[in-house]
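**Student:** Below you will find the structure I want to go over with you.
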Amino acid sequence: MAILALLVAVVWIYLGVFKVLKRLEEKPVLTPQETKIINPQLDEEVFDELEKRNF
Amino acid sequence: MNTDNTSLDQKKQQARNKRFLQSPQGKSLTWLSLSVFTVVFFLIMAIRPTVITITKLIKEIEEKEAASLLLDKKINSLIAAQKVYAVNSQRLPMLNQALPEKSEFPWLANFLDGAALSSQVELSSLSFEKINLNPQKSSPCQLINFSTNAKGDYLNLKNFVSLLESSRRLIKIELTGISETKKKGEEKTNTMLQLNISGVMFFENE
């Protein structure tokens with residue numbers, strides 16, 4: 001009986017920790033929009049080509 | 001009779017239990033059970049919330065450290081982008097010239113007219129198709145279909161097409177056709193060529 005109670009307590013602690021971890025995973029700290037990193041490289045050939053053309 | 005036997009059995013069982021509990025083995029088992037129940041009680045009431053809080057904090061620390069690294073990367077890329085922008089800011093208006101925000105089809109009419117003048121061809125017709133003022137948001141740019149007819153000799157028509165192709169504004173020539181026209185009115189009939197061009201001009205979808 002005592003051992004059963006001990007097992008139940010351990011399982012209950014494990015389930016509590018698992019539930020908290022799952023809840024934290026569902027709510028990320030930053031949104032995908034906030035984590036988007038722009039590529040700072042620019043293809044300057046476009047500008048060179050446009051400069052050659054007439055307007 | 002049966003009731004008497006049952007109550008007698010019960011009394012014997014109770015006596016046996018009492019003797020067992022009073023024995024050293026029974027006492028130590030009782031204390032062990034009480035200890036285990038106490039441990040279970042403190043596990044549930046004290047240890048469980050502590051473990052949950054510790055797990056939550058560790059997970060939050062990990063996530064925030066990862067978020068901090070991502071934000072550092074973002075800051076670095078923004079600084080690099082700012083430098084690139086500073087270097088190229090004076091050339092940015094060319095992008096608006098290539099792909100303007102509005103249709104600006106009067107510009108196209110002027111441009112074709114100017115190209116015809118400089119390449120010495122005669123523009124006999126110029127037409128634009130309708131522009132959709134409520135475009136679909138899914139497409140990145142809008143189109144203006146246009147068509148024009150130009151008359152002149154081969155070299156001049158070739159220059160005219162070259163001027164269109166080398167325009168800074170994004171123009172796509174979809175169809176060209178050359179046919180022969182004969183001009184009567186002088187002693188000799190002059191053979192002129194007629195160029196039909198159909199194309200598409202782009203502008204940004206706001």
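Any read-out appearing in this document is the output of simple, stated calculations on the displayed coordinates, not a laboratory observation. Keep in mind it's a predicted model, so treat the numbers as computed, not measured. Every residue, glycine as well, gets a Cβ built from its backbone with ideal geometry; the counts of neighbours run over all protein chains shown.
**Student:** Using a Förster distance of 25 Å, how high is the FRET efficiency between B:Glu101 and A:Lys36, based on the Cβ-Cβ distance and rounded to 0.05?
**Tutor:** Numbers: r = 24 Å, r/R0 = 0.97.
Given R0 = 25 Å and the Cβ-Cβ separation, E is 0.55.
**Student:** Between chain A and segment B:138-164, what's the alpha-carbon centroid distance in Å?
**Tutor:** 50
**Student:** Also, I was wondering about something else. I want to check the label-to-label distance for A:Arg23 and B:Gln25. Put each point 7 Å from Cα in the C-beta direction and report it in nm to one decimal.
**Tutor:** 4.8
**Student:** Using the beta-carbon distance between B:Ser125 and A:Val46 and R0 = 35 Å, what value does 1/(1 + (r/R0)^6) give for FRET efficiency, to the nearest 0.05? Could you put the intermediate results ahead of the total?
**Tutor:** Details: r = 34 Å, r/R0 = 0.96.
Efficiency, from the Cβ-Cβ distance: 0.55.
**Student:** So how much slack lies between B:Ile79 and B:Ala109, counting 0.36 nm per residue of separation and subtracting their Cα-Cα distance, in nm? Spell out each step's value before the answer.
**Tutor:** Details: separation 30, 0.36 × 30 = 10.80 nm, distance 4.20 nm.
Full extension of this stretch gives 6.6 nm more.
**Student:** Using DSSP to define loop residues, name the GluC sites (Glu not before Pro) in segment B:60-112 whose beta-carbon has at most 13 other beta-carbon atoms within 10 Å. Please list the in-between numbers first.
**Tutor:** On the way: sites: B:Glu60, B:Glu62, B:Glu63, B:Glu65, B:Glu101, B:Glu104; in loops: B:Glu101, B:Glu104.
For GluC sites (Glu not before Pro) across segment B:60-112 that sit outside H, G, I, E and B with at most 13 neighbouring Cβ atoms in 10 Å, the list reads B:Glu101.
**Student:** What is the Cα radius of gyration of chain A over 2.2 N^0.38 Å, N being its residue count?
**Tutor:** Working: Rg = 28.5 Å, N = 55, 2.2 N^0.38 = 10.1 Å.
Compactness ratio reported: 2.82.
**Student:** Follow-up question, since we're still on this one. Among B:Met45, B:Met94, B:Met192, which one moves the most in a GNM of chain B with springs linking Cα atoms closer than 10 Å?
**Tutor:** With Cα springs under 10 Å in chain B, the top fluctuation among B:Met45, B:Met94, B:Met192 is at B:Met45.
**Student:** Grab the other residues whose beta carbon is less than 14 angstrom from that of B:Lys27, score K and R as +1, D and E as -1, and report the net.
**Tutor:** Numbers: positive: B:Lys18, B:Arg19; negative: none.
My count for the surroundings of B:Lys27 gives +2.
**Student:** So, R0 is 51 Å and r is the distance between the beta-carbons of B:Lys64 and A:Arg53; what FRET efficiency does that work out to, to 0.05? Mind dumping the intermediate values first?
**Tutor:** Values: r = 50 Å, r/R0 = 0.98.
The computed FRET efficiency comes out at 0.55.
**Student:** Kindly provide the pair-distance distribution of segment B:50-164 built from C-alpha pairs, with 5 Å bins from 0 and whole-percent values in order of increasing distance.
**Tutor:** 2, 8, 11, 10, 9, 9, 9, 7, 6, 6, 5, 4, 3, 3, 2, 2, 1, 0, 0
**Student:** Turning to a different aspect of this structure: At q = 0.10, 0.16, 0.21 Å⁻¹, work out log10 I(q)/I(0) for segment B:1-99 with the Debye formula, treating every Cα as an identical point scatterer and leaving solvent out; two decimals please.
**Tutor:** -0.69, -0.93, -1.06
**Student:** Using only the alpha carbon atoms of chain B, find the Kirkwood hydrodynamic radius as the inverse mean reciprocal pair distance, in angstroms to one decimal. Working shown, then result.
**Tutor:** Numbers: mean 1/r = 0.0377 Å⁻¹.
Mean inverse Cα-Cα distance, inverted, gives 26.5 Å.
**Student:** What's the exposure ranking of B:Val200, A:Val11, A:Val29, going from fewest to most Cβ atoms within 10 Å?
**Tutor:** A:Val11, B:Val200, A:Val29
**Student:** Springs between alpha-carbon atoms under 10 Å, Gaussian network over chain B: tell me which of B:Ile131, B:Ile79, B:Ile44 tops the mean-square fluctuations.
**Tutor:** B:Ile44
**Student:** Once every DSSP H run of n ≥ 4 in chain B is given -39500 (n - 2.57) and the sum is divided by its residues, what mean residue ellipticity at 222 nm do you get, rounded to the nearest 500 deg cm²/dmol? It would help to have the intermediate numbers written out before the result.
**Tutor:** Values: 6 runs with 113 residues, N = 206.
Only helices count here, giving -18500 deg cm²/dmol.
**Student:** For the protein assembly as shown, go through all pairs of different Cα atoms, get the mean of 1/r, take its inverse, and jot down that Kirkwood value in Å. Intermediate values should be presented prior to the final figure.
**Tutor:** On the way: mean 1/r = 0.0360 Å⁻¹.
Every distinct Cα pair counted, the radius reaches 27.8 Å.
**Student:** State which entries of A:Lys19/B:Lys73; A:Lys52/B:Lys130; A:Lys36/B:Lys83; A:Lys27/B:Lys64; A:Lys52/B:Lys102; A:Lys52/B:Lys151 exceed 21 angstrom in Cα-Cα distance in the structure shown. Mind showing how you got there, number by number?
**Tutor:** Details: A:Lys19/B:Lys73 32 Å; A:Lys52/B:Lys130 31 Å; A:Lys36/B:Lys83 19 Å; A:Lys27/B:Lys64 12 Å; A:Lys52/B:Lys102 23 Å; A:Lys52/B:Lys151 27 Å.
Table pairs above 21 Å Cα-Cα are A:Lys19/B:Lys73; A:Lys52/B:Lys130; A:Lys52/B:Lys102; A:Lys52/B:Lys151.
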